[in-house]
Ligand code: FES
Ligand code: FES
């Protein structure tokens, strides 16, 4: 007798054989402590089994601002804390530590991310750019220069994250409109209320690029 759609079947969705094969792959993957995530997933037969790391510190390499850094780090450490506490890059700010304020924004392969919401181990194999890598007082990025020009900061705590979001937005869309800049910085909270000056700075850079 043919089975109707949506009717529960008595057959198990996973056969005993495929379950045992999957469990074997999981055990193999779990034993690969310290092996790159992609390698472990491959060993697990790409069955969605995550790499098992830690809990002890392990040595990883991160590419930050064009340089490779080796650091011993526990897998629970966020990218933000790795930058600030392990590498001394304190330009990236820790404020809410829960993805709500944007102060910790960095670029991952050119795209803005909140570094408090990413584990450092997950940044392996990616290019991370921080505010230190964007420019420096001697050679400022145009967005940094425009922020100075437009006095787009007060306490400055949100500023590195704001600059990173604006820089990423203008890199993706050099002639961004005010609304597009507003949208790009929607996740960056400024308690001092410098938004108007931030938008003017961003639009100045967009105008210069156009
Ligand atoms: S510190 Fe990361 S979003 Fe606030
Ligand atoms: S300048 Fe103070 S929080 Fe933005």
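Rule-based calculations on the coordinates, nothing more; no lab input. Keep in mind the model is a prediction, meaning the values are calculated, not measured. With ideal geometry, Cβ positions are generated from the backbone for all residues, glycine too; neighbour counts draw on all protein chains shown.
Here are the numbers:
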item: Selection within segment 100-120 - more than 16 Å from ligand 2 (Cβ to nearest atom), surrounded by 22 or more Cβ atoms within 10 Å (Cβ to Cβ) and in contact (Cβ under 8 Å) with a residue 40 or more places away in the chain; result: 106, 107, 112, 120
item: Filtered residue count, segment 162-194, keeping only those that are within 11 Å of ligand 2 (Cβ to nearest atom), farther than 19 Å from residue 106 by Cα and buried (at least 17 other Cβ atoms within 10 Å of the Cβ); result: 1
item: Residue in segment 142-157 that is within 28 Å of residue 206 (Cα to Cα), surrounded by fewer than 18 Cβ atoms within 10 Å (Cβ to Cβ) and in contact with a strand residue (DSSP E or B) (Cβ under 7 Å, 6 or more places away or on another chain) present; result: no
